[in-house]
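The structure under discussion appears below in the form of structure tokens.
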Amino acid sequence: MNFLPERYWQRFDLWKDIDENLWNNWKWQLKNRIKSIQELEKVFSIDKKKKEIFQKVSPVFHFGTTPYYISLVKKPDYTDPVFRQIFPSFEEIDPDIQNNGSNDPFNEERSPVEGITHRYPDRVLFRVTTFCSVYCRHCMRKRNFIYGERAKSKKDIDIMIEYIRKNRSIREVLISGGDPLTLPNKKLDYILGRLQGIKHVDIIRIGSREPVVNPFRFYDENLLELFERYDKLWIVTHFNHPNEITQETKKAVKNILSTGTPVLNQTVLLKGINDDKYIIEELMRSLLRVKIKPYYLFFCDPTKGVLHFRTDIKKGIEIMEYLRGRLSGLGIPTYAVDLPEGKGKVPLLPEYIVEINDKSTVFRNYEGEIVKTDIKWG
Ligand SMILES: *Cc1c(COP(=O)(O)O)cnc(C)c1O
Ligand code: SF4
């Protein structure tokens, strides 16, 4: 967990006159996003080499961050887990690394209706905008950086909702993007209202990184009032490193929970950011401390521009092995790989069954001890 000093933003010249009211205002954070190297240099001194990288890479894959998120950087260097998630690197456009990548590895854009991906019978992905308040270097939808930022029109959304209304097998709608919580409350209210009104929809899940990059979104009373009205709602967010979890996060999550909305987290395993069992352990502990339930740990997707963040698949198994027994079961996510071409997610676990025969099953426990039981397999 990252305990920030009081008025932590005032240590930067650029924000030394910004008071708490302004800093803690989500709209101010959005409006004052840092998008160019000139603005960035007012926050950190950027050396010549990095400037050159920025100039080559950012026209291809855009740069953007909220003031809050970049203020979590401790050292403006690739060794810093927050810096590494927002600052461009040459590897993103290196053909030797990225050639096998795809702009859309899961064929999400192949959909019955523009904006909807219907892969599993009972749930659909529902993309409402391609805008995000921070552009993550590891984004699986990095194609959004290229195709540009756009929120769907009411007309597009109505067509998407009509598809769900007509398909009674759909029990859950995953509102995704971009980041849906960058939309104004009024538009969210419209979308949630229409979805909540569909009888066969039990769950409305919003995937958002706003708790990570703009926790002040959840200081907004109007949004909280809206969450309160939609009792089908769940929030799934995306923390990757303990440095991202602050007192501000805690307040944001507390506000969300107070509306009766559960908060879960998906982490992506990222080389040079969190591919370390101690970091993941600390991340999971920090999430539990602020009452977020770890849900998934994802093997990094083969998106073009992201492949340099990929670890071995084994790395995640090692981490899962380490977590079991050491950490409360509440803090243990499901490690999963998303198969190519929309073939679905597969959970991965260390091998805990050593032998199966007619009369017994032999297990290996979290300490590596072999335990023979008379449990029959079949
Ligand atoms: C990941 C995903 C889901 C949701 O899967 P869960 O295991 O329920 O989290 C649904 N649709 C698509 C297309 C997905 O990629
Ligand atoms: S917030 Fe999510 S969708 Fe937006 S850039 Fe980051 S990972 Fe991608």
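The values are calculated or read from the model by the stated rules, or taken from the named source; none is laboratory data. On a predicted model such as this, the values are computed, not experimentally measured, just so you know. Quick reminder, even Gly has a Cβ in these numbers, built from the backbone with ideal geometry, and neighbours come from all protein chains shown. We work out accessible area using only protein heavy atoms, side chains counted, and drop any ligands, DNA or RNA first. Shrake-Rupley method; radii C 1.70, N 1.55, O 1.52, S 1.80 Å.
Descriptive notes on the structure:
- Region 29-80-region 235-276 distance, computed between alpha-carbon centres (Å): 22 Å
- Rounded to 5, the percent of DSSP beta bridges in region 247-378 classed as antiparallel: 55 percent
- Distance between the modelled labels on ASN99 and ILE332, one decimal in nanometres: 4.1 nm (7 Å Cα→Cβ projection).
- Approximate shape of the chain as ellipsoid semi-axes (Cα gyration tensor, √5λ), whole Å, largest first: 33, 27, 22
- Overall, the accessible surface of the chain at a probe of 1.4 angstrom is composed of carbon and sulfur to the extent of 51 percent.
- Difference of contour (0.36 nm per residue) and Cα-Cα distance, ARG324 to SER169: 52.2 nm
- Residues considered: GLU244, GLU228, GLU281. Largest GNM mean-square fluctuation over the chain, using C-alpha springs under 10 Å, is found at GLU228.
- Residue (of CYS132, GLY193, ASN99) at the positive-pole extreme of region 97-347, dipole from beta-carbon charges: GLY193
- Net dipole in debye of the chain [+1 Lys, Arg Cβ; -1 Asp, Glu Cβ; about Cα centre; nearest 20]: 740 debye
- Sorted peptide list for 367-376, 10-19, criterion being average Cβ within 10 angstrom, highest first: 10-19, 367-376
- FRET efficiency, 1/(1 + (r/R0)^6) with R0 45 Å, evaluated for ASP312 and LYS291 via beta carbons: 0.90
- Under the criterion of Cα pairs below 8 Å and six or more residues apart, the relative contact order for the chain equals 16 percent.
- Choice from VAL346, VAL306, VAL124 with maximal GNM fluctuation in the chain (Cα, 10 Å cutoff): VAL346
- Per-q log10 I(q)/I(0), region 8-91, q = 0.13, 0.24 Å⁻¹ (Debye; single scatterer per alpha-carbon; no solvent): -0.40, -1.27
- Of TYR352, TYR278, TYR295, the residue with the greatest mean-square motion in the GNM of the chain, using alpha carbon springs below 10 Å, is TYR352.
- When the pairs LYS35/LYS155; LYS154/LYS199; LYS251/LYS315 are compared against a 24 Å limit on Cα-Cα distance, LYS35/LYS155; LYS251/LYS315 fall above it.
- For the residue pairs LYS74/LYS254; LYS51/LYS187; LYS186/LYS254, alpha carbon separations beyond 29 Å are given by LYS51/LYS187.
- Taking the charge dipole of region 8-91 about its Cα centre, with +1 at Lys and Arg Cβ atoms and -1 at Asp and Glu Cβ atoms, the residue from ASN24, HIS62, PRO81 reaching farthest to the positive side is HIS62.
- Accessible area (Å², per residue) of the chain, counting only protein heavy atoms and a probe of 1.4 Å: 47 Å²
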